[in-house]
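Asks: Take this structure, written in structure tokens, and hold onto it; I'll ask about it next.
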Amino acid sequence: MIRPRYGCIGVLRSPDHRANPSPVINNVKGDEERKQHLMSSTPDSFADLGLSETLLKTLTEIGYETPSPIQAQCIPALLEGHDLIGMAQTGTGKTAAFALPLMETIDVKLMKPQALILTPTRELAIQVAEALQSYAKNLPGFHVLPIYGGQSYTIQLKQLSRGAHVIVGTPGRVMDHLERKTLNLDNLKTLVLDEADEMLRMGFIDDVEWILERTPAQHQTALFSATMPEQIRRVAQKYLVDPKEIKIKSATATVAAIRQVYWQVSGMHKLDALTRILEVEEDFDAAIIFVRTKTATVELADKLNARGYAAAALNGDLNQQMRERVIEQLKSGALDIVIATDVAARGIDVPRVSHVVNYDIPYDTEAYVHRIGRTGRAGRTGNAILFVAPREIRMLRTIERATRSPIAPLTLPSRADVTNKRVTDFKGKVAEVLNAEGLDFFANIVSQIAEEQNVGAEEVAAALAMMAQEGKPLQIVGEDPRPAPAPRPGSFDRDDRKPRSNERFDRGDKPSFESRGERPRREERPARSAPSGDMVRYRIDVGRDHGVQVKDIVGAIANEAGIESRFIGRIGLYDESSTVELPAGMPAEAANALKRTRVRGLPINLRPDEGRPEGASTGERSFKKKSFDR
Ligand code: AMP
């Protein structure tokens, strides 16, 4: 299928292009300097970091080209055995930053937990476990086990008794297994607290401390947190020994003359969204699309070629000569799209690049600024489009802060938009031909056909248009996806974290108490709504006097019983106890899990509430569910 190629203006680089600097002005550096800086602050190779041959081989196989900044700094420090505080959020590559070094310490022959990773949610526990499993592809016998609330104890006990080298778990469930002595940490070498600020926000910090108190004295501890609230700092001071503190600087930069927009990934494959967007973008000429792995550059280039775009991959596997060839082709218009990794695209200066697409979000603001600086060159206006998964919203906000410019949400073009654009282009082409020489000859043929077929010239024109567009339909069929709910500034929804590859959670529009079985894809799930149906009010043995807040209760119930927060009804906070409304018909397993659940270290002892009707008590505070929606 051939899609219409976008026209190109073969602008050659002017000899004095440096006199026309990119509108992306970093406060200190020009392009050359920036290149040097990037090279020095971010080693080009995982091999420089001290990882074993086995892991290096795996990283090559899975297509990781260069370490992200947080990896470049954390991996050597952790390999040296330091405790570490890493200030990093999702999207920076922090998982590999702690996972790879801890894997180097594992003795596969010893089937005992040697590393424990605590995460705030079960979704994150699964994601981290999956990441470790993928890095262990060349480590036969390596076993990682996610354990989290809401999963059946029977299964977990069986898995624990079979043994695992790494446990990834939510604090409540890990505590439970430690208490029951079904989890033994005597052989622990590494403890990781992932997203510590989230654990604090969800009310798990006491549980985390409880666990920290019960780990063997000799082990390495790494704490990762996007922010560093006082309480987290206090935990770090108490439990970490002389930690190295690693923070990825958010270089501030001003970005002018570049239109910046983002699309929140939902309801459609990124590839389909990309082609839709590219098709309707007004001043499209050429694009550089950034992805994270070498493998992804090749895959995306193949897919775009199959859709008729002139696209090629640019990655570190290409030698210098091949790279230069790709860039020359982009300059000359032989290629319209180059799919690149950060390293391969360093310093590219092609004035006709009208668009930069961050198909995968960059690791940090520095990379973002560098990427989008590939457009808007030689005094032209550029466009930067960023794809943001719901869990990466924080990174989006960080980028906005660092660049001091808001990034506007982009509404995906509808089918009608695409059709209109195609029709306009088609009309434009016809109009061009109407002015061409030699039309008389064809006009004569059209008259003959009309006469022979006994139809009007309009119908003949329609038939010819259809022929001309064969294989290049002007209309696109299918449903338009529902737009994603707009994210709130500075926040992200816990429910948005979902397992990367396989969707394992049951999250239909019915209340879900279990974590087994298939669940519909996120885009098919209904939007959040107020709880409906029968609700039962329960009482729990924690209240205001224990320092408990609504968010603590929601966090504990959501995690331990696997009940999404939108199905948790009103919460009443009393001094010594609280009430919470939950959907009727809770399975015994979820109810049992809740009986054992702790909030701020105290067992909640959930039971049906036989007390006064809500509102009768003085001092009761009722919160509409909205008040704890995140
Ligand atoms: P994280 O911030 O740990 O959630 O990682 C975000 C994404 O980046 C995951 O899909 C990782 O597989 C990917 N990733 C992490 N490190 C690298 C790397 N050095 N090269 C390419 N992709 C990476």
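The values are calculated or read from the model by the stated rules, or taken from the named source; none is laboratory data. A quick note: this is a predicted structure, and the numbers were derived from the prediction, not measured. Heads up, the Cβs are rebuilt from the backbone with ideal geometry, glycines too, and the neighbour counts pull from every protein chain shown. All accessible areas refer to the heavy atoms of the entire protein, side chains included, with ligands and DNA or RNA removed. Shrake-Rupley method; radii C 1.70, N 1.55, O 1.52, S 1.80 Å.
Asks: By average Cβ neighbour count within 10 Å, what is the ranking of 130-136, 402-408 from highest down?
Replies: Ranking, from highest mean packing down: 130-136, 402-408.
Asks: Another question, if that's okay. List the residues whose amide H sits under 5 Å from the amide H of G601, counting only those 5 or more places along or on another chain, with H placed 1.01 Å from N in the peptide plane.
Replies: D207
Asks: Got a sec to turn the phi values of segment 212-228 into Karplus ³J(HN,Hα) couplings, 6.51 cos²θ - 1.76 cosθ + 1.60 with θ = phi - 60°, whole Hz, x for Gly and Pro?
Replies: 4, 5, 9, 9, x, 4, 8, 7, 8, 10, 10, 10, 10, 7, 6, 10, 10
Asks: Next question. Provide the per residue accessible area, probe 1.4 Å, for segment 137-290, rounded to a whole number of square angstrom.
Replies: 38 Å²
Asks: Once amide H atoms are placed 1.01 Å from N in the peptide plane, what residues at a sequence separation of 5 or more from I246, or on another chain, have their amide H within under 5 Å of its amide H?
Replies: Sorted by chain and number, the residues that satisfy this are I85, G86, M87.
Asks: Measure off, as a whole percent, the carbon and sulfur share of the 1.4 Å-probe accessible area of segment 263-385, all protein chains present.
Replies: Answer for segment 263-385 is 48 percent, counting heavy atoms of protein chains only.
Asks: Explain nothing, just the number: relative contact order of segment 140-224, from Cα pairs under 8 Å at least 6 residues apart, as a whole percent.
Replies: Once normalised by length, the contact order is 30 percent.
Asks: Something else now. So what is the accessible area of segment 346-423 per residue, in Å², with the probe set to 1.4 Å?
Replies: 28 Å²
Asks: Using a 1.4 Å probe on the protein heavy atoms, what percent of the accessible area of segment 98-249 belongs to carbon and sulfur?
Replies: 52 percent
Asks: Now for a separate question. Tally Lys and Arg at +1 and Asp and Glu at -1 over the other residues with C-beta under 9 Å from the C-beta of M87: what net charge comes out?
Replies: 0
Asks: Using a Förster distance of 25 angstrom, determine the FRET efficiency expected from the C-beta separation of E459 and E432, and round it to 0.05.
Replies: After rounding, the FRET efficiency stands at 0.65.
Asks: Once every Cα of segment 299-393 carries one equal point scatterer and solvent is ignored, give the base-10 log of I(q)/I(0) from the Debye formula at q = 0.11, 0.16 Å⁻¹, two decimals.
Replies: -0.31, -0.68
Asks: Taking amide H positions as placed 1.01 Å from N in the peptide plane, with prolines and chain starts having none, which residues 5 or more places from Q260, or on another chain, fall under 5 Å of its amide H?
Replies: Those lying under 5 Å, H to H, from Q260 are A384, A408.
Asks: Can you work out the Karplus-derived ³J(HN,Hα) for every residue in segment 314-321? Use 6.51 cos²θ - 1.76 cosθ + 1.60 with θ = phi - 60°, whole Hz, and x for glycine or proline.
Replies: 10, 9, x, 6, 7, 6, 3, 5
Asks: Same structure again: Output the peptides 199-205, 54-60, 293-299 sorted from most to least packed, where packing is the average of other Cβ atoms within 10 Å over each peptide's residues.
Replies: 199-205, 293-299, 54-60
Asks: Test of understanding: express the Cα radius of gyration of segment 147-250 as a ratio to 2.2 N^0.38 Å, with N the residue count.
Replies: Cα Rg divided by the expected 2.2 N^0.38 Å: 1.12.
Asks: A follow-up question, please. Under a 1.4 angstrom probe, counting protein chains only, how are K270, K238 ranked by accessible area, largest first?
Replies: K238, K270
Asks: How would you order 137-149, 437-449, 411-423 from highest to lowest mean count of nearby Cβ atoms within 10 Å?
Replies: Sorting 137-149, 437-449, 411-423 by mean packing, highest first, produces 137-149, 411-423, 437-449.
Asks: Please report, as a whole percent, how much of the solvent-accessible surface of segment 41-88 comes from carbon and sulfur atoms (probe radius 1.4 Å).
Replies: In segment 41-88, the share of accessible area belonging to carbon and sulfur is 50 percent.
Asks: In addition: Which pairs in the list K189/K238; K421/K472; K181/K595; K112/K595 are over 22 Å apart, alpha-carbon to alpha-carbon?
Replies: K112/K595
Asks: Could you quote the convex hull projected area for segment 68-179, Cα atoms only and averaged over all directions, in nm²?
Replies: Computing the convex hull of the Cα atoms and averaging its projections yields 7.3 nm².
Asks: Could you run the Karplus curve 6.51 cos²θ - 1.76 cosθ + 1.60 with θ = phi - 60° over segment 591-606 and give me ³J(HN,Hα) per residue in whole Hz, x for Gly and Pro?
Replies: Rounded to whole hertz, the list is 5, 5, 4, 6, 4, 8, 5, 10, 10, 6, x, 9, x, 8, 6, 5.
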